[in-house]
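Inspection log for the structure reproduced underneath, given as structure tokens.
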Amino acid sequence: FMQVEPFSSLMPDYPSRIQDYTSNLDTKAVPWIVVQFTKLGHRRKLVKSRLIHRWAEMLVMFPDAPADTLFWDFIDVVGNETAPKAIYLGTDAAKNSRPDVKLQHHNHEALIEHLGDVSSLEGKVQRAQESYFKKNVLLDTLFDNPPGQLRTNLPGRKDMLQSLYDGTLPATQVTCGGHTARSCSECPQGHGASWCNVECMWVQGFCNAVFKTPEAPSLLQHGGQAWIELVFDEGPLDVEIVNIRMGGQVVPPPKCKGNSADCKKAERPDTDFDHTLDNADLLFGRGVADSSDAREEKPSCADYTKVNNVSGREVFWRSPSSHPARAVRCVKIAIHRAQHRPLIFRHLEIRTPKARRGKRNITLAQKE
């Protein structure tokens, strides 16, 4: 049994090649339990079907444990090779000979890249990245972010909201911490994350704009509802994916002085790490709002349909690629009640059918 990602395409002889490989292991009396086809996650890991019920039992017994971490405890339980060490087993199998874990992946043969930096572990940031994609561009850009205008009735720098979506230069200087700059990308000046603060945030090696508002916990002054809305310039578009990220970041480990026992080189969540929405709606708007509405902050679209909840550090909505949401003119985050914390809105990306698909990097094409 092996779970793969939705909409994956397999080579015609892929199942038979796997069967030949496992038959060869059985012929040699190798007591294998799992064959790894990737380093990340619990997908693309081949497990003997007679053990699947044990995996299902563990998922039910520990519903709050991330499946990616729990998988290695499952291998420990059924294999009885070592004391549970969670994800350590994958590293151990790469360095030492383990009969129960067989590796069938290599750094240059990554199939899928991890998207985003949100971890299923509380207070952590996911930085896992396949080595292959550090030197090779993705075959599919995934997001095309069609031109559009971002609006909100929440207090805060609306020019920063627009900048985080399309890179537009803010109307005025941004505060980087101890200095200012024309844009967040100009804040570091070669100093990295330590020079990217306040109105900007260091994410995956870049200094990006963020929108901050302290008013999410109190919405009475907004008539009981607040919102952030993207209105497409090109008119109605078909939408396949919406990716939203909120909240702060982790603080780099402090510099340890001497051999102090209290000095721990570990990242820790910033004080604003959980500044996210805890109860909001993702809406798709269609049509054009009534032009006779004289309100300054009137809706941009005539009708709105809820498609997903918005809460936590990341929201990833997608439709089957063959059935995108049709004729969407507005993408709106509607906040109907007071939230528990202030809001840091740091990422919004949109995919439409116009996104670049399957165009190979020239270097890869030459190699083939």
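Overview of values
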| quantity | calculated |
| --- | --- |
| ³J(HN,Hα), Karplus 6.51/-1.76/1.60, whole Hz, each residue of the range 233-248, x for Gly, Pro | 6, 7, x, x, 10, 7, 10, 9, 9, 10, 10, 10, 10, 9, x, x |
| Potential lengthening between Arg268 and Asp238 on full extension [0.36 nm per residue; Cα-Cα distance subtracted] | 6.8 nm |
| Residues whose placed amide H lies under 5 Å from that of Val4, excluding near-sequence neighbours | Arg44 |
| Distant-in-sequence amide H partners of Ala338 (H built 1.01 Å from N, under 5 Å) | Leu219 |
| Estimated vicinal HN-Hα couplings, Hz - the range 346-353 in sequence order (Karplus 6.51, -1.76, 1.60; Gly, Pro = x) | 10, 7, 8, 9, 10, 10, 10, x |
| Using a Förster distance of 25 Å, the FRET efficiency for Arg54-Asn309 (Cβ separation, nearest 0.05) | 0.15 |
| Point-to-point label distance, Val77-Phe1, nm (Cα→Cβ direction, 7 Å offset) | 1.2 |
| Computed lengthening from Asp26 to Arg337, 0.36 nm per intervening residue step minus Cα-Cα distance | 106.0 nm |
| Net +/- balance of residues flanking Leu161 in space, Cβ distance below 12 Å, scoring K and R +1, D and E -1 | +1 |
| In sequence order, calculated HN-Hα J values of the range 199-206 (Karplus, 6.51, -1.76, 1.60; Hz; x Gly/Pro) | 9, 10, 9, 8, 9, 6, x, 9 |
| Spin-label pair Gln173/Asn145, simplified geometry with 7 Å Cα→Cβ offset, distance in nm | 2.5 |
| Distance (nanometres) between label positions extended 7 Å along Cα→Cβ at Asp64 and Ser291 | 5.6 |
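No lab work stands behind these numbers, since they all come straight from the coordinates. Please read all numbers here as calculations on a predicted model, not as lab measurements. Using ideal geometry, Cβ is built from the backbone for each residue, glycine included, and neighbour counts are taken over all protein chains shown.
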